[in-house]
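Structure, as structure tokens:
The values are calculated or read from the model by the stated rules, or taken from the named source; none is laboratory data. Keep in mind that what you see is a predicted model, and the values were worked out from it rather than measured. In this analysis, Cβ positions are derived from the backbone assuming ideal geometry, glycine residues included, and neighbour counts consider all displayed protein chains. Calculation scope for accessible area: heavy atoms of the full protein, side chains included, ligands and nucleic acids excluded. Shrake-Rupley method; radii C 1.70, N 1.55, O 1.52, S 1.80 Å.
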Amino acid sequence: MIEIPTKYEPSEKESKWYAYWMKNEFFKSIPDDREPFTIVIPPPNVTGVLHMGHMLNNTIQDILVRRARMSGYNACWVPGTDHASIATEAKVVAKLKDEGIDKNSISRDEFMKHAWEWKEKHGGIILEQLKTLGASCDWDRTRFTMDKELYDSVIKVFIDLYQKGNIYRGIRMVNWDPAAQTAVSDEEVIYKEEQSKLYYLKYKLVGEDGFITIATTRPETILGDTAVCVNPNDERFEKFKGKKVIVPLINREVPVIQDDYVDMEFGTGALKITPAHDIHDYEIGQKYNLPSIDIFNDDGTLSDAAGMFIGKDRFDVRKLITEKLKESGGLDKIEDYVNKVGFSERTNAAIEPKLSMQWFLKMDKLSKPALDNVMNDTIKFFPSKFKNVYRHWMENIKDWNISRQLWWGQQIPAYYLPNSNDFVVAANIDDALKLAIEKTGNKDLSTADLRQDEDVLDTWFSSWLWPISVFNGINEPGNKEINYYYPTNDLVTGHDIIFFWIARMIISGYEYRNELPFRNVYFTGMVRDKQGRKMSKQLGNSPDPIRLMKKYGADGVRIGMLLCSPAGGDLLYDDKLPEQGRNFGNKIWNAFRLVKQWEVDTEIEQPQYAKLAVEWFDNKLKQTIELLDKQFESFRISEAVMTVYRFFWDEFSSWYLEMIKPAYQKPIDAITLAKTNEFFDKTLRILHPFMPFITEEIWQLLEERKDGESIMVSSMPKADKFNIELLNSVEDFKELITGIRKIRAEKNIPNREAIELIIKQNSNTSYSYFNPVLQKLANLSKISTTKDKVDNAASLMVKTTEYYIPLADIVDAGEEIKKLEAELKHYKGFLLGVEKKLGNQRFVNNAPAKVVEIEKKKQSDAQSKIKIIEERIASLKK
């Protein structure tokens, strides 16, 4: 017989079983005759390391995949990483800087060589960390968004969309990140409330006395002003109509124009117009044909066009220009002002609105199928509240700025003709040359005459193809894998990327497969600290997941995070959570040790109490399996975790094992032990997706296994019919046993001392069936019935049945009356609430008949209990 260690050591067992699973290729999936179950991992940044959000997200994915695998599906979980243009390029630029190399001093090819070296050295760390968590990905399928197949897919899609007329190039106002020196999308801008200043500046009238005062939060941008605008309905500025004013310091004459856009209540009611550096000013500039003066370089310093402070940082200039304005008399006053400022999600630099030549994808027509198929639940969101968020964005969708001024990424396949802004779009330079010769008629052109666009595509332009491109469905749309695995089943992701990624994947799915990319989207919440703050390095409130797994075990961390993580709801993390998860693992291990240490005697018959316990638990297990199936169908994962937690801790350990446990140093019968091992096996299987390591360890020890066997490829127990009346009856008995134990504690009656139980008979009493179990757990010497009240006895009630425990001189009548009066007060209050509800005609007339019937039953039961308690109090007072 194998000796079972007293303590379960997670670190040793987890590495052992993960290696076993990998060796036996249990995670591997190839197309076959089974129904597929497919999940593609939301690809983390290639330079990233595991954080708490990854832990939560990937635990849920692993639960879904493991459960599907055990349910007979051909489960395929595709891992991979995202090239993360901005984040990765920033890290490579910083590395080069540390080595004394300026990015601008080397060629693009040289930079890409450094970037790939960085990726090979640092990329993929996060995927190795996911193995520690227990992620059952098919690692042979690991993809990277810059892999050749995926790179080619992106280029092919760009060309296709360009040829369809959906991609265009033009100068537009974009969100410019001066730190990364690239445009970013609207969704990559985070707005924060800032304590700012409102500067009141005086613009002198041309050729006469007087001035207009304007208010601005950005005095440095006056160097790009080309107009002052007032509302035509604002009588205060009627006299300025058609006149010109002088921009302070630079003495540029600009017109006073009128437009309804101006808010008469803001500042002075007069607005300075800087078309090159504000989206609304840009629109006014277009409307009134105003010149645009771009006063900023790409790095946020002032350009030659500014005329002053050239080469200085924009925020330094704000201070300098304020002093100059004070000196010149152009500054009227400064007020404190709270406003929202946009920051780059990637670099946290303040965004600069900037006119820039960019590539755009038209979204209005492309997005329609994606909107319709979420709103009609072809694609289901869990929780469904995110449909409204999705709809609002999709109904107000703007063209997507898909170009980024970076080198790391898929280079835009546009080739410019010599000495021209005209271009051709092609997959490679040889194809581009053919198109260029065809376009110009110049047969003397060579590849050396063509210049490829320097920009790369937005990272999301590669990851929007992820569910298709990981199966090479763009390059080979009819291949066996894409036809088998696509559409995928479930997507597990954060709601913060609903626009960046989810919406765009749905758009590309309908555009390139004419089909949804996934059937269900499960939104996780944000992992926050116990104070509700978002976890961040700056706050120092984000624990290291690897350290947590070393301390509490991967299973403990998985369970701990899921115990309080409803779909879409934020998780308030506390170290008590993985500690609770670890304690649950210890509970499972101790239950296993208890069962394994029992000696079996094949000669003894199965006791009646054990037979009844087995019958009850078999039904309870079937009921739990049915409940779990329903919870998984509706993606109530957190509830499913709580279901298995309570089922094992309460039903299996606290009740079932207690019911069948043999007397001290006595053997157990063979039938009961066999059934218990069977129950343990099934219970481990329903637990396995949540806690893969400890369940594998125990399952392997539960009985002799062959090499190559594993719980993870065993069958998930199936739902079956169960006896609900039996289960309800046992719940009553559990309440009765708990009540008896409470009386023992109150009266200091040792558990080893047998006591008598008398049941007062009434029409609702059904007491005999489970008596052998009752007798064992409550240590009863005798169970009898009576039609009369019993004096000198402690009493308790379950439903409307009254029970007595004769105590002779032990009963303190005063204490018993006090206890009963407290119960009476409770039931009278309860009855009052029920009668109030039943007295409400609107409730009685409009509520379903079944609901009203339940309330009437509550009323009847409460009235019966009150009567019994009052009679009991009266008898004690005699």
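Which of the residues belonging to the range 852-878 are aliphatic (A, V, I, L, M), open to solvent by less than 60 Å² (accessible area, probe 1.4 Å) and either farther than 12 Å from L824 by Cβ or not in a helix (DSSP H, G or I) (or both)?
From the range 852-878, those aliphatic (A, V, I, L, M) are 852, 854, 862, 866, 868-869, 873-874, 876; that's our starting set.
Now narrow it down to the ones that are open to solvent by less than 60 Å² (accessible area, probe 1.4 Å): 852, 862, 866, 868-869, 873-874, 876.
Once the filter is applied, which keeps residues that are aliphatic (A, V, I, L, M), open to solvent by less than 60 Å² (accessible area, probe 1.4 Å) and either farther than 12 Å from L824 by Cβ or not in a helix (DSSP H, G or I) (or both), the range 852-878 yields V852, L876.
Does the range 262-284 contain at least one residue that is aromatic (F, W, Y) and open to solvent by less than 30 Å² (accessible area, probe 1.4 Å)? There is no residue in the range 262-284 that is aromatic (F, W, Y) and open to solvent by less than 30 Å² (accessible area, probe 1.4 Å).
Given the criterion in contact with a helix residue (DSSP H, G or I) (Cβ under 7 Å, 6 or more places away or on another chain), open to solvent by less than 30 Å² (accessible area, probe 1.4 Å) and more than 24 Å from C137 (Cα to Cα), identify the matching residue among V521, V527, V492, V456.
Of V521, V527, V492, V456, the one residue that is in contact with a helix residue (DSSP H, G or I) (Cβ under 7 Å, 6 or more places away or on another chain), open to solvent by less than 30 Å² (accessible area, probe 1.4 Å) and more than 24 Å from C137 (Cα to Cα) is V456.
Tell me the residue from N619, N677 that is open to solvent by less than 30 Å² (accessible area, probe 1.4 Å), part of a helix (DSSP H, G or I), touching a helix residue (DSSP H, G or I) at 6+ places or on another chain (Cβ under 9 Å) and among the polar types (S, T, N, Q), please. Before the answer, list the steps.
On the way: N677 fails: open to solvent by less than 30 Å² (accessible area, probe 1.4 Å).
The conditions single out N619.
With respect to the conditions (1) of a type outside the set (D, E, K, R); (2) at pLDDT below 90; (3) touching a strand residue (DSSP E or B) at 6+ places or on another chain (Cβ under 9 Å), P566 falls short on a single one, namely (3). Would you say M264 is part of a loop (DSSP other than H, G, I, E, B) and under 12 Å from E220 (Cβ atoms)? So M264 does not fit the description; no. Taking every residue in the range 287-305 that is under 27 Å from N348 (Cα atoms) and pairing it with any residue that is part of a helix (DSSP H, G or I) and among the basic types (K, R), at least 6 positions away or on another chain, the pairs with Cβ-Cβ distances below 9 Å are I295/R314; F296/R314; G300/R314; T301/R314; L302/R314. Among all residues of the range 174-186, there is at least one that is in contact with a Lys or Arg (Cβ under 9 Å, 6 or more places away or on another chain) and assigned to a helix (DSSP H, G or I). The set of residues in the range 295-320 being surrounded by 17 or more Cβ atoms within 10 Å (Cβ to Cβ) and within 17 Å of V254 (Cβ to Cβ) consists of I295, A306.
Inside the range 568-581, can you point out the residues that are in contact (Cβ under 8 Å) with a residue 40 or more places away in the chain and either open to solvent by 30 Å² or more (accessible area, probe 1.4 Å) or assigned to a strand (DSSP E or B) (or both)? Answer for the range 568-581, where residues must be in contact (Cβ under 8 Å) with a residue 40 or more places away in the chain and either open to solvent by 30 Å² or more (accessible area, probe 1.4 Å) or assigned to a strand (DSSP E or B) (or both): D570, L571, L572, Y573, D574.
Can F461 be described as farther than 25 Å from N74 by Cα, open to solvent by 20 Å² or more (accessible area, probe 1.4 Å) and either of a type in the set (A, V, I, L, M) or within 23 Å of the chain's Cα centre (by Cα) (or both)? Before the answer, list the steps.
Working: farther than 25 Å from N74 by Cα: yes; open to solvent by 20 Å² or more (accessible area, probe 1.4 Å): no; either of a type in the set (A, V, I, L, M) or within 23 Å of the chain's Cα centre (by Cα) (or both): yes.
Taking the combined requirement at face value, the residue does not satisfy it.
Tally the residues that are open to solvent by 70 Å² or more (accessible area, probe 1.4 Å), in contact (Cβ under 8 Å) with a residue 24 or more places away in the chain and not aromatic (F, W, Y), restricting the search to the range 240-261.
Step one: of the range 240-261, the residues open to solvent by 70 Å² or more (accessible area, probe 1.4 Å) are 241-242, 244, 251, 253, 260-261.
Filter once more, keeping what is in contact (Cβ under 8 Å) with a residue 24 or more places away in the chain: 244, 253, 260-261.
Narrowing further to those that are not aromatic (F, W, Y): 244, 253, 260.
Looking only at that region, the number is 3.
Suppose we keep only residues that are within 14 Å of V40 (Cα to Cα) and of a type outside the set (V, I, T) within the range 495-508. Which one would you say is modelled with the lowest pLDDT? So the residue we want is W501. Scanning the range 174-200 for residues that are touching a Ser or Thr at 6+ places or on another chain (Cβ under 8 Å), within 20 Å of S292 (Cα to Cα) and not polar (S, T, N, Q) yields a total of 4.
In the set (1) outside any loop (DSSP other than H, G, I, E, B); (2) open to solvent by 10 Å² or more (accessible area, probe 1.4 Å), G72 fails one condition alone, (1).
Taking the criterion of being of a type outside the set (F, W, Y), surrounded by 16 or more Cβ atoms within 10 Å (Cβ to Cβ) and either closer than 23 Å to Q61 by Cα or touching a residue at least 40 places away in the same chain (Cβ under 8 Å) (or both), the residues of the range 643-658 that qualify are T643, V644, S653, L657.
Restricting the first member to the range 600-624 and to residues that are more than 14 Å from A674 (Cα to Cα), and the second to residues that are part of a loop (DSSP other than H, G, I, E, B) and open to solvent by 30 Å² or more (accessible area, probe 1.4 Å), the beta-carbon pairs closer than 6 Å and six or more apart or on different chains are N619/F722; N619/N723; K622/D720; K622/F722; Q623/F722.
If you scan the range 362-397, which residues turn out to be part of a loop (DSSP other than H, G, I, E, B) and open to solvent by 40 Å² or more (accessible area, probe 1.4 Å)?
First, the residues of the range 362-397 that are part of a loop (DSSP other than H, G, I, E, B): 362-367, 376-379, 383-385, 396-397.
K362, D364, K365, N376, D377, T378, S384, K385, N396, listed by residue number.
In the range 106-130, the residues that are at pLDDT 90 or above reach residues that are among the hydroxyl-bearing types (S, T, Y) and surrounded by fewer than 20 Cβ atoms within 10 Å (Cβ to Cβ) with C-beta atoms within less than 9 angstrom, at least six apart or across chains, in these pairs: L127/T142.
The set of residues in the range 157-210 that are closer than 26 Å to M505 by Cα and among the basic types (K, R) comprises K164, R169, R172. Of all residues in the range 454-465, exactly one satisfies the criterion of being under 25 Å from I437 (Cα atoms) and out of contact with any Ser or Thr (no Cβ under 8 Å at 6 or more places or on another chain), namely E454.
Residue check: V338 meets all listed conditions (1) of a type in the set (V, I, T); (2) modelled with pLDDT under 95; (3) touching a Gly at 6+ places or on another chain (Cβ under 7 Å) but one, namely (3). Pairing each residue of the range 424-452 that is of a type in the set (A, V, I, L, M) and modelled with pLDDT of 95 or more with any residue that is open to solvent by 90 Å² or more (accessible area, probe 1.4 Å) and not in a helix (DSSP H, G or I), provided the two are 6+ apart or on different chains, yields C-beta distances under 9 Å for I437/K443; I437/D444.
Within the range 743-758, not a single residue is part of a helix (DSSP H, G or I), open to solvent by 60 Å² or more (accessible area, probe 1.4 Å) and under 19 Å from D650 (Cβ atoms). Would you confirm, using the coordinates I've provided, whether K28 is surrounded by fewer than 21 Cβ atoms within 10 Å (Cβ to Cβ), among the basic types (K, R) and closer than 30 Å to A84 by Cα? So K28 passes the test. The one condition from (1) open to solvent by less than 60 Å² (accessible area, probe 1.4 Å); (2) closer than 26 Å to Y769 by Cβ that N728 does not meet is (1).
Within the range 715-725, does at least one residue satisfy the condition of being open to solvent by less than 40 Å² (accessible area, probe 1.4 Å) and either without any contact (Cβ under 8 Å) to a residue 60 or more places away in the chain or within 39 Å of the chain's Cα centre (by Cα) (or both)? Among the residues of the range 715-725, at least one is open to solvent by less than 40 Å² (accessible area, probe 1.4 Å) and either without any contact (Cβ under 8 Å) to a residue 60 or more places away in the chain or within 39 Å of the chain's Cα centre (by Cα) (or both), which makes the answer yes. Do you know which of the residues in the range 818-843 that are farther than 25 Å from A794 by Cα and out of contact with any helix residue (DSSP H, G or I) (no Cβ under 6 Å at 6 or more places or on another chain) is least open to solvent (accessible area, probe 1.4 Å)? Residue satisfying both the conditions and the ranking: G833.
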